[in-house]
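Report on the structure given below.
The values are calculated or read from the model by the stated rules, or taken from the named source; none is laboratory data. From a predicted model like this one, the values you see are computed outputs, not experimental measurements. Please note: Cβ atoms are built from the backbone with ideal geometry, for glycine as well, and neighbour counts cover all protein chains shown. Calculation scope for accessible area: heavy atoms of the full protein, side chains included, ligands and nucleic acids excluded. Shrake-Rupley method; radii C 1.70, N 1.55, O 1.52, S 1.80 Å.
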Amino acid sequence: MSYAEDAERQAGHEPKSFWTKYVWSQDHKVIAIQYSLTAIFVGLIALILSGLMRMQLGFPGVLGIDPQEYYQYMTMHGMIMVIYLLTALFLGGFGNYLIPLMVGARDMVFPFVNMLSYWVYLLSVLILVASFFVPGGPTGAGWTLYPPQAISQGTPGTEWGIILMLVSLVVFIVAATMGGLNYVTTVLQARTHGMTLMRMPLSVWGIFVATILALLAFPALFVSGVMMLFDKTIGTSFFMPEMMSLGVQQSHSGGSPILFQHLFWFFGHPEVYIVALPAFGIVSDIISVHARRNIFGYKMMVWAIVAIGGLSFVVWAHHMFVSGMNPYFGFFFATTTLIIAVPTALKVYNWTLTLWHGDIHFTVPMLFALGFILTFLVGGLTGLFLGNVIVDIPLSDTYFVVAHFHMVMGVAPILVIFGAIYHWYPKITGRMLNDRIGKLHFWITFLGTYLIYFPMHYLGIQGIPRRYFSFEGLEFIPQSAYTLNQFITVVALFVGVSQVLFIYNLFRSLKKGLPATNNPWKAASLEWQTPDTPPQHGNWGPMLPVVYRWAYDYSVPGVVEDFITQTTASDSVGIKPNILGDQS
Amino acid sequence: MTDHVINNTDTRETSWQQVVENDAAHARTGLRVLLTTLSSLFFLFIVAFMSRSQFTDYQSLTAAWQPLAKPWALWVNSVLLAFASIAFQWARRSARKNQSNQSIEGFIIAGVFSFAFLVGQLSVWQQLASMGYLIAGNPANSFFYLLTGLHALHLFFGLVGWVITCRGIWRAIPFKRTRVRIELCATYWHFLLAVWLVLFALLTSPPETFEAFASLCGLR
C-alpha cells in the first residue's frame, strides 16, 4: 500500500475494537473522560483523608490516628487535591473535551501524544498511591515539601514516601507537558473557519492561558523535585543545610532551604491560576447561557485572563513573608499581589453585570456558577488581607489561611467543576442529570462548605495554629474553639458523605437520565452544534463547521429565538451583522 | 509527530499532501511550544545554580588547580555539537531545495556527531569521577553533573527521534514527510547547541563572573 493510500485510509479511520476505542484511545473525548474519572477517583481518596483529619481535630483519639498518620493524611490530601485532581481535571479533563469541540477541530493536533499524556498521568497517580503501601508510608512533609524536614529523619515517610512523591510529581509534569503541547497547538493551529481568537469562548481562553502558565511554571516544580530527589538519594546538598538530626551530624552541608521555597512557589502561585483561569472561563460561559445574556465586556474578560496569567509570575514570594526577606522584596510582592486583584475584581464585576437584567434560569449549573462567584469573592477578599505583609505575618500560621485557601482554591473551583459537569454532561453522554438530586447536591455542598470554612476565619483570628495534630492541653485555646472544631467536623463529614449523591447521579443518569437533545440549554457555542450527541469520532461529520460570530449572542433584539448559534450567518436571521455584536 | 492523520481537516476533500502539510505546521508549532517550556526549565536550573553558587561552601571547578581550569575536553565536545548543528542546517537547506540525497547525508552525519558529543561528555564525567570529583562532593560538582546530564538527556531524546527518522528513510517513506522531520530535528539541535553554549560558558566561568551575575539579580 502506498503512503498516499495509507494516509487516506487512516484519515477516515475510526477505531472499532473495544481496546482502541475505550482504552488505548486517541480520541480527545475518551481521553477527557479517562482523565476525569481518574482525577475524581483520586480526589475521593483525598476527600476521605480530609474526613479522617477532621475526625482527629474534632474528636481527638476516637479513631486512634497518631501524629505521623495525621501529617501523612494532610500531605497527601493537599497534593492530591491541588495537582492530581484540580489540575488534571481542568486541563486533562475539560481541556481535552472542550477545546476541540469549542474551536471546531476534529481532535487534538497530536492525538498519540495526547493518549500518552493520560497514561503517563495514570502512572504518576499509581506511583503516588503506591506510597501508601511502602515501608514508612507516604510522606508527611506537608504538601509544600519544604526541606530540610521533608527528607530528614523524624518526618513520616522519609524512607520511601518522599521519593515516590517526588518521582510521581516529575512523571506528572511530563504528562502535563505532553497534554499542554496539544492544548496550546490545537488552539493556535486547529481552529475551524471563522473561529478567530477573539471569537473563542472564554472557557477556551481560560484553559489556553492556564496551559501556558503550566508549561512555564511546572518546570520550577520539576527543578526543585529533581534537586531534592538528588539530595535524598545521592547525598547532594542543593537544599540541605549542615545540621544535626536526632543527635547525629548529617552528611549534608551548606544547602539552601529558602532556594527550594522560591522554586516551589514560583510554580506554586501560578498553580493557583492554572486552576482558577479555567474556572473563570467556564463560569463565564455557564452564566451567559443560563442568564440568556451576552457576557459583559468580552474583550475585557480575555485581557483580564491574560493579565492575571502574566501577573501570577511576579507574586510568588507572598507565600514566603514569614521565611524572612528583604523588606523591599516584601513591599514589591505585596504590591504585585494587590495589583493582581484589579483584573480579578474586573471579572467579578463583569459576571455581575452579565447577570444584571438577565433572564436567569436557576438550573443546577447556574446555581453552582453563582455559588462560585460568591465563594471566590469571599476567598479573594481574605486574600487581600493576607497579601499585606503586616497582616500576613500574625495570621500566616493560623486557620485563617486554611479558610482562605480552601475558599479560593478548594471550594470555588470544585463548585465550577460540579457546575461544568452538570452543564456538559448531556453533551458527553446524551442524557440529562437528575435535576432534583442535583439541586439537593448543590445546596448541601454550598451551604455545607460555608459552615465548614466560615468559622475557620474566626478560629484563625483567635490565633488557633494550623498544622497542629491536637490542641489538647493548650491553655491559650478557648473552649469555644473545641466546640467549633466539633461542629466543623460534623458538617465536613456530612458534606463529604453527601458527595455520594453526585456520584450516584452520574452513574444513575447514564441509563435512567432523560434523553438530552442536541442543545438542551439552547447554547450558542460550537460544542452544542455537533451533528451527533454524544459527538462521534471526528466530531463534525464530513465537513468542519463554519463560524460567523462569537459565542454569546443571547436575547438579541428582533430575533425570534433568544440565541443565535456561532454557526448561523447574519443574513440568515435577517439582521445586519453589526447589530448582532459580531466580534472579529 | 504522529501518523494519526484524522486531525482537523475536511478529510473527504483533502489530499494526503495537504494532510502532511497540516501535520508539519502543527509539529512546527508544537516544537516551538516545547522549546519554550524547555527554556523555562533550563533557565530555572541556571537561576538555582547562580543562587547556590553564592554560598560559602561552593568551590568553583574553574580555579587554577581545578579540573575545569583548562576545559579542552569540553571545547572538543562543543565543536562536535556545533558540527552536528551545522550538518543539520545543511540537511535542512538541502531538503528545502529538494536535494534529498544531500539532505539525508547531512542528517546522518549530524547524528554521528551528536553520538560523538554524548560519548565525549561521558568521558568528561569519567575523568572527573576518576579524579575524585563526585556528584555529592561539592555543589559545583553537583551542578556540573546535573546540568550536563540534563542536557545530554535531551540530546538523547533527540537522537531517539533521529533514529526513528533514519528508520523512515530506510523504509523509503516519501521525502516530503522526511523533510519535515529533518527540519524539526534541525530546530531542536540548534536549540540544544544554544543551551549547551550557555551552560558551557557558565560552568567554565570564574567565581567572579558568578558574583557579578548574582549581584545583578539581587542574589547577593
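Heavy-atom accessible area for A:I414, with the other protein chains in place and a 1.4 Å probe, reaches approximately 50 Å². How would segment A:107-185 be classified by its alpha-carbon gyration tensor: rounded, prolate or oblate, with rounded meaning a/c under 1.5 and the a/b versus b/c comparison settling the rest? Cα axes put segment A:107-185 in the prolate bin.
Between B:G132, B:G120, B:G149, the residue with the greatest mean-square fluctuation in the GNM of chain B (Cα pairs under 10 Å linked by springs) is B:G132. The residues of segment A:264-369 expose, per residue, 35 Å² of accessible area to a 1.4 Å probe. Taking the helices alone, chain A has a mean residue ellipticity at 222 nm of -20000 deg cm²/dmol, built from -39,500 (n - 2.57) per DSSP H run of at least 4 residues and averaged over all its residues.
Under a 5 Å amide H cut-off, with hydrogens placed 1.01 Å from N, A:T398 pairs with A:R466 among residues at least 5 apart or on other chains. Given a 1.4 angstrom probe, I'd like the percentage of the accessible area of chain B that is carbon and sulfur, rounded to a whole number. The value for chain B is 64 percent carbon and sulfur by accessible area.
In terms of packing, defined here as the mean over residues of other Cβ atoms within 10 angstrom, the peptides A:325-338, B:190-203 line up highest first as B:190-203, A:325-338. Residues B:S100, B:S51, ordered by accessible area of protein heavy atoms at a 1.4 angstrom probe radius and largest first, appear as B:S100, B:S51. How much of the calculated P(r) for segment B:82-153 lies past 22 Å, in percent of all Cα pairs? Looking at segment B:82-153, the distances longer than 22 Å represent 42 percent of pairs. Net charge dipole, the protein assembly as shown: roughly 1340 debye, given to the nearest 20, about the Cα centre with Cβ charges of +1 for Lys and Arg and -1 for Asp and Glu. Counting only other chain Cβ atoms within 10 Å of each residue's Cβ, the peptide A:103-115 averages 4. For chain A, the fraction of alpha-carbon pairs lying more than 46 Å apart is 15 percent, rounded to a whole number. Listed by chain and number, the aspartates and glutamates whose alpha-carbon sits under 20 Å from that of B:K70, ignoring those within fewer than 8 places in the same chain, are B:E208. In whole percents, the pair-distance distribution calculated for segment A:267-406 from its alpha-carbon pairs, binned every 10 Å from zero, is 11, 39, 30, 15, 4, 0.
The charge dipole of segment A:424-487, taken about its Cα centre with unit charges on the Cβ of Lys, Arg, Asp and Glu (plus for the first two, minus for the last two), comes to roughly 480 debye.
Shielding by partners for peptide A:228-235, expressed as the average number of C-beta atoms from other protein chains within 10 Å of each residue's C-beta, is 2.
Separation of the alpha carbons by more than 29 angstrom is noted, of A:K427/B:K176; A:K347/A:K512; A:K299/A:K439; A:K29/A:K512, for A:K427/B:K176; A:K347/A:K512; A:K299/A:K439.
In the context of the full protein assembly, A:E472 retains an accessible surface of approximately 130 Å², using a probe radius of 1.4 Å and ignoring ligands and nucleic acids.
For chain A, the longest principal axis of the Cα atoms and the long axis of helix A:479-512 meet at an angle of about 30 degrees.
Treating the angle as unsigned and between 0 and 90°, give the value, to the nearest 10°, between the Cα long axis of helix B:16-52 and the longest Cα principal axis of chain B. In chain B, helix B:16-52 runs at an angle near 10 degrees to the longest axis.
Shape call for segment A:498-558 from the C-alpha gyration tensor, a ≥ b ≥ c root eigenvalues: rounded (a/c under 1.5), prolate (a/b greater than b/c) or oblate? Here segment A:498-558 falls in the oblate category. Take the accessible area of B alone and of A alone, subtract that of the pair with a 1.4 Å probe, and the total buried over both chains is about 4000 Å². Projecting the Cα positions of B:A136, B:A48, B:V180 onto the charge dipole of chain B (unit charges on Cβ atoms of Lys, Arg, Asp and Glu, taken about the Cα centre) puts B:V180 furthest along the positive direction.
Shape of segment B:72-206 from its Cα gyration tensor (a ≥ b ≥ c, root eigenvalues): rounded if a/c is under 1.5, otherwise prolate when a/b > b/c, or oblate? Prolate. Take A:L63: with every protein chain present and a 1.4 Å probe, its accessible area is about 100 Å².
Near the amide H of A:S470, within less than 5 Å, lie no amide hydrogens of residues on another chain or at least 5 residues away, with H placed in the peptide plane. Ordered by solvent-accessible area of protein heavy atoms (1.4 Å probe), largest first, the residues A:W316, B:W72 come out as B:W72, A:W316.
Principal-axis analysis of the Cα atoms of chain B puts helix B:175-203 at an angle of about 10° to the longest axis. With helices as the sole contributors, chain B gives -26500 deg cm²/dmol at 222 nm; each DSSP H run of n ≥ 4 counts as -39500 (n - 2.57), and the sum is divided by every residue. The eigenvalues of the Cα gyration tensor, multiplied by 5 and square-rooted, give segment A:24-192 an equivalent ellipsoid with semi-axes of 35, 16, 12 Å from largest to smallest. Note on exposure: A:D397, A:D553 ranked by accessible area (1.4 Å probe, complete protein assembly) read A:D397, A:D553, with the most exposed listed first.
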